[in-house]
Amino acid sequence: MLVLEAGDRAGAAVSQWNYVRLFSRWSELVDPAAERMLLATGWARPDGDTYPTGQEWADLYLAPLAEVLGDRVRFGARVVGVARRGRDRVVDAGREDEPLTVHVRTSAGEERIAARAVIDASGTFGSPNPLGGDGLPAAGEGAAAAQINYRVPDLDAERSRYAGKRIAVAGSGHSALTALVVLAELAEQEPGTKVVWLLRRGAVGNVFGGGESDQLPARGALGSRARKAAEAGHIDTVTGFRTAAVERGDGGKLILESFDGHRVGDVDEIVVLTGFRPDLSWLSEVRLDLDPVLQAPAKLAPLIDPNVHSCGTVYPHGETELRHPEPGVYLVGMKSYGRAPTFLSLTGYEQARSVVAAISGDLEAAARVELVLPETGVCGGAGVFDAPQEQKNSGGCCGAPETVDVSIGLAPSAR
Ligand SMILES: Cc1cc2nc3c(=O)[nH]c(=O)nc-3n(C[C@H](O)[C@H](O)[C@H](O)COP(=O)(O)OP(=O)(O)OC[C@H]3O[C@@H](n4cnc5c(N)ncnc54)[C@H](O)[C@@H]3O)c2cc1C
């Protein structure tokens, strides 16, 4: 077993949002098998009822776990391709007899590693969605890049970038809510700071989540705080806005234009928090069965599709749902959800357990999947919110409203 990590440390993606406090408690963030290994080394288990920041999750759990795994974890090793040895994706002949080849780029050059199986747990954090309402960059988005941030602003590091500015925030997930809370607090401290919130959906509706009905209290509390921030008057909300273009106005200001010609001007900075997508470019030579909408494994997609299935706990799933036509290749973790915004690390731990059991030949353990996820107290995902009202009310799985969303809270330093 070899873990190839592109970054220079365990939790390289998490460490990019290390100032954010997770909405999951420690008890929901430690995998049981990992815990057993760590406890054997005298690891001090964090209090299960408390909420770590990204930094604490990385420092107190991911880094010690990587240490236990020792030289089976290689840092600075970026996977740039996976293929069946000597066979591109078209060739059938001899395919079943060849190992997979993993192409790895390190500071020392390129390397090829033969593997019986490849588990792609590379996440989606490296490929945020663009601002453009059609999923492609808006006209002028590239030219305005210096004034666009695709992450929640870290005000400890970039306060002067946002203080006293007019900031457009695009998106309606929990990252966007976090940005609204952060920026509204900045507006209270720094006169002249204004936030324009751009929503694709036609009404704010239940964008603030389930509040006290959310089974993850910290996630519900974030929505309530965002609602208060919006009500406090620092945020102008523009609904039904699908960005088509970003133009440059006078004095370095930006003007955003929607597909139906609505214009929002006098903008200094844009914060784009419109979700993530999987980078499938380096999997082009293996045979994947992906859903055409979500880019998630085809059997998993119907269980997590925000267009039709945004409520109820996620149906238990494991190796069977994650299997592809290419034997031994799996996507797990955040990447397995493709573009669905509903991933929780608990899901990933269970996926990995089941997939590893199958690879090691224990099919009974692989099939024994138990996954119970907390509900949010809100019904409807991105696709549903964008639909006309009558469509929202029909079908789907929603008896009582709820959805399972990825969300974030703030570290005290960011408050
Ligand atoms: C701000 C924020 C807050 C969140 N809060 C929560 C929460 O409270 N609870 C929760 O359950 N989930 C939360 N999530 C979702 C969370 O990110 C995931 O649960 C978890 O980090 C997903 O783990 P992962 O291993 O699938 O992906 P990641 O954590 O993104 O890890 C992927 C790793 O793969 C590496 N990598 C990428 N490409 C390559 C490559 N080509 N070769 C080698 N290595 C590569 C990256 O450097 C990275 O270290 C949050 C997400 C964000 C963005």
Whole-Hz Karplus couplings 3J(HN,Hα) for region 151-166, θ = phi - 60° and coefficients 6.51, -1.76, 1.60, Gly and Pro as x, run 10, 5, x, 9, 6, 5, 9, 10, 4, 5, 5, 10, 4, x, 9, 9
Full extension between E188 and R72 adds, at 0.36 nm per residue less the Cα distance, a length in nm of 36.9 nm
Per the rule of 0.36 nm per residue minus the C-alpha distance, extending D8 to A298 adds in nm 101.1 nm
Projected onto their principal axes, the Cα atoms of region 220-304 stretch, largest extent first, over whole-Å spans of 50, 36, 23
For K335, counting only lysines whose alpha-carbon sits under 30 Å away and dropping same-chain residues fewer than eight positions off, the answer is K299, K392
The ³J(HN,Hα) series, computed from each phi in region 44-58 with the Karplus coefficients 6.51, -1.76 and 1.60 at θ = phi - 60°, rounded to the nearest Hz and given as x for glycine or proline, is 8, 5, x, 4, x, 8, 9, 10, x, 7, x, 4, 5, 4, 5
In vacuo Debye sum over C-alpha of region 152-191, base-10 log of normalised intensity I(q)/I(0) at q = 0.27, 0.32 Å⁻¹, listed in q order, is -0.96, -1.23
Filtered hits (lysines, Cα-Cα < 24 Å from K165, offset >= 8 within chain) -> K194, K228, K253
In Å³ per residue, the alpha-carbon convex hull of region 1-157 encloses 192 Å³
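Bear in mind these aren't lab numbers, they're just calculated from the coordinates by the rules spelled out. These figures come from a predicted structure and were not determined experimentally.
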